[in-house]
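Taken together, the values in this text are just the output of simple stated rules run on the coordinates, not laboratory data. Bear in mind that the values here come from a model prediction, so they are computed numbers and not experimental data. Note: ideal-geometry Cβ built from the backbone for every residue, glycine included; neighbour counts use all protein chains shown.
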Amino acid sequence: MKAAAIDRTGGPEVITLHTLPVPKPAADEVLIAVHTAGVASWDVYLRTHPQAIKHSAFPLVLGTDGAGTVAAVGEKVKRFKVGDQVYSYSWDNPHGGFYAEYVAVPAERVGHVPQGLTLQQAGAVATTGLTAIQGIDDALRLKAGDTLIIHGASGGVGSLALQFAKLRGVKVLATASGEDGLTFVKGLGADAVVDGRKGNILAAARAVAPAGVDAVLAFAGGDSLERCVEALRAGGRIAYPYGVKPDPRPRDDTAAVIRYNAVPGPQEFERLNRAIEAAKLRVPIEAEFPLAQADKAQERVEAGHILGKIVLRIR
Ligand SMILES: NC(=O)c1ccc[n+]([C@@H]2O[C@H](COP(=O)([O-])OP(=O)(O)OC[C@H]3O[C@@H](n4cnc5c(N)ncnc54)[C@H](OP(=O)(O)O)[C@@H]3O)[C@@H](O)[C@H]2O)c1
């Protein structure tokens, strides 16, 4: 099979097209004929720091998520059959990643593609969708009427978290950057928007919630995140997935700082599917690259200012 893999660490140019054996699924695994793979900052990180995962032997096929069609199942797998349309998030996947024509993944990390999504869209939302819904429901336990700042709402996770927050009846102040970023997050349903690089976050938050917002869900860190945290009410809470850096400064009056990792699992995908279907989720894809241009796809990710998601089209 064709796969985009690295034989050493380095810049995007170390990602080259390889011909590798099709992985053989173990008893509890599913072989997926990949249609679309997600491309994200953590893929860039693994290109430069492959030692961050256990299964990092070269040639290392990059890619932690994607969607496609089940091509084979291990003998213990009951939830899937050949031909099912599926999507998956598998960090440190035992047989290499999703930038490939085939990937073998533990079945526990696979879900059926929800109604209403194409394989291209499903390939864009496995990791980001799980991260978004788990931030809203599990980390922050938001309910209707709560007020929330989503910091970095224009990116892969933020653009979905914004829609899930609205689905739960939350009032959202979205930060993004540039006129295009602000227009984008308004279009996804934000109640109020502010430029998180140049605007006055605190003033925008006071206009939404004069006594302070209930929560912050952050997909960008640094000084601008400090401004979001200042906008919290006493006892408010902050959540962000590991990877957002730098961490906000500890404060006495903040009830909870919740760091989390996205978790794949049968129930997790079921809940994500229900939310995607109920929200009639829009999946903004800024650009799609062919597998042979995985290096260009990562370059685009590194350049930043992406409205939504970058994906690789495999077949
Ligand atoms: N641990 C986990 O399980 C997990 C899972 C998923 C994601 N993550 C982490 O979550 C973070 C977000 O991931 P992602 O894929 O959504 O990244 P992304 O697509 O790069 O999104 C981040 C967004 O933040 C925006 N941003 C940055 N600084 C800003 C500012 N000052 N004001 C307003 N917007 C700002 C960027 O927009 P501009 O460039 O246009 O300003 C970008 O759209 C990453 O750190 C990732 O590592 C962790």
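Compute the helix-to-body angle for 178-187: its Cα long axis versus the longest principal axis of the chain, expressed 0 to 90° and rounded to tens. It works out to around 90 degrees. Under 13 Å from the 7 Å Cα→Cβ point of Ala207, by amide nitrogen: which residues of region 150-194? Once the point is set 7 Å along Cα→Cβ of Ala207, 173-175, 191-194 turn out to lie under 13 Å by backbone N, inside region 150-194. Here Lys280 is the anchor, and the aspartates and glutamates within straight C-alpha reach of less than 17 Å, apart from those fewer than 8 places off in the same chain, are Glu270. Largest mean-square fluctuation among Lys143, Lys186, Lys78, in a Gaussian network model of the chain whose springs join Cα atoms under 10 Å apart, belongs to Lys78. If the segment from Glu75 to Asn200 were pulled out straight at 0.36 nm per residue, it would be longer than the present Cα-Cα gap by 39.3 nm.
Three principal axis extents of region 57-127 based on alpha-carbon atoms, in descending order, are 37, 29, 18 Å. From most to least packed by mean Cβ count within 10 Å, the peptides 147-158, 40-51, 94-105, 224-235 give 147-158, 94-105, 224-235, 40-51. Between the helical axis of 266-279 and the longest alpha-carbon principal axis of the chain there is an angle of about 60 degrees.
Using the Cα centre of the chain as the reference point, and only Cβ charges (+1 on K/R, -1 on D/E), how large is the resulting charge dipole? Debye, rounded to the nearest 20.
Working: 35 positive and 33 negative charges, 97 e Å.
Charge dipole, the chain, about its Cα centre: 460 debye, nearest 20.
Taking 0.36 nm per residue of sequence separation and subtracting the Cα-Cα distance, how much length would be gained by fully extending the chain between Ile53 and Asp84, in nm to one decimal?
Values: separation 31, 0.36 × 31 = 11.16 nm, distance 2.89 nm.
Residue separation times 0.36 nm, minus the Cα-Cα distance, leaves 8.3 nm.
Centre-to-centre, using Cα atoms only, region 283-314 and region 99-144 are separated by 18 Å. Listed cross-link partners Lys54/Lys78; Lys245/Lys296; Lys24/Lys76; Lys2/Lys54; Lys2/Lys24 are compared with a 18 Å cut-off, the Cα-Cα value being larger for Lys54/Lys78; Lys245/Lys296; Lys2/Lys54. The protection proxy used here, the mean number of other Cβ atoms lying within 10 Å of each residue, ranks peptides 172-179, 79-86 as follows, highest first: 172-179, 79-86. When the Cα gyration tensor is reduced to axis lengths a ≥ b ≥ c, the ratio a/c stays below 1.5 for region 128-260, which is therefore classed as rounded.
Extension gain for the segment Glu302 to Arg249, taken as residue separation times 0.36 nm less the Cα-Cα distance, is 16.5 nm to one decimal. The angle between the Cα long axis of helix 294-303 and the main principal axis of the chain comes to about 10°, on a 0 to 90 degree scale. All Cα-Cα distances of the chain, cut into 20 Å bins from zero to the largest, leave 35, 55, 10 percent in each bin in turn.
Taking the convex hull of the alpha carbon positions in region 183-315 and averaging its projected area over all directions gives 10.3 nm².
Each residue, Arg282 and Asp137, gets one label point 7 Å from its Cα in the Cβ direction; the gap between the two is 2.3 nm. Projected over all directions and averaged, the alpha-carbon convex hull of region 1-80 occupies 5.6 nm².
Estimated purely from DSSP H runs of n ≥ 4, each contributing -39500 (n - 2.57), the mean residue ellipticity at 222 nm for the chain is -8000 deg cm²/dmol once divided by its residues.
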